[in-house]
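The values are calculated or read from the model by the stated rules, or taken from the named source; none is laboratory data. None of these values were measured; they are calculated from a predicted model. Reconstructed Cβ throughout: ideal geometry from the backbone, glycine too, with neighbour counts over all protein chains shown.
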Amino acid sequence: MIFDSPLADPWSEEDGLDMTSLIDVVFLLLAFFILAATFALPALDVRLAEAENAQGARPDEEALIISVDSEGKIYKGREPMDAAGLKEAIAAHPPLAPIYFNVDREAPFGSFLAVLDEAKGQRRERFMINAGAKVVAPGEGPPGEGP
């Protein structure tokens, strides 16, 4: 065994430590702690107060109310309308006044998209979308319900 030989390689593998298994263990621990942190429960249990007598927002008097029922039919207030009537109604509405879209939960997405595209095509940007509404066609539901 020659230790002080000038021909001996100081970095030869015979003299070093194999760190491969240690690196594997470190990466496994890292993966474990990352996954465990994502499944951890929140530190604080926040319970917000529920309103006892809350009312929904009431549309402005000058607001345009457009509804889409579960069959994809379009209504302005309680009056049914087609695509041409929708275009005229949005064009006649003041540009800065809001537009309210009430869309039935089961309405075809294409019908809603057509209504929204018409509003965006006329450069209207002030609108509110209620996508969880139950829109009932006039004369089909109990009195007081409808678009």
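Summary of computed values
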quantity	calculated
Selection within the range 84-122 - free of Cβ contacts under 8 Å to residues at least 24 places away in the same chain and not aliphatic (A, V, I, L, M)	85, 88, 109, 117, 120, 121
Selection from the range 1-44 of residues that are at pLDDT below 65 and among the β-branched types (Val, Ile, Thr)	2
Qualifying positions in the range 73-97 - crowded, with 17+ Cβ neighbours inside 10 Å and among the small types (Gly, Ala, Ser)	89
Lone qualifier among 62, 79 - being more than 19 Å from residue 131 (Cβ to Cβ) and modelled with pLDDT under 85	62
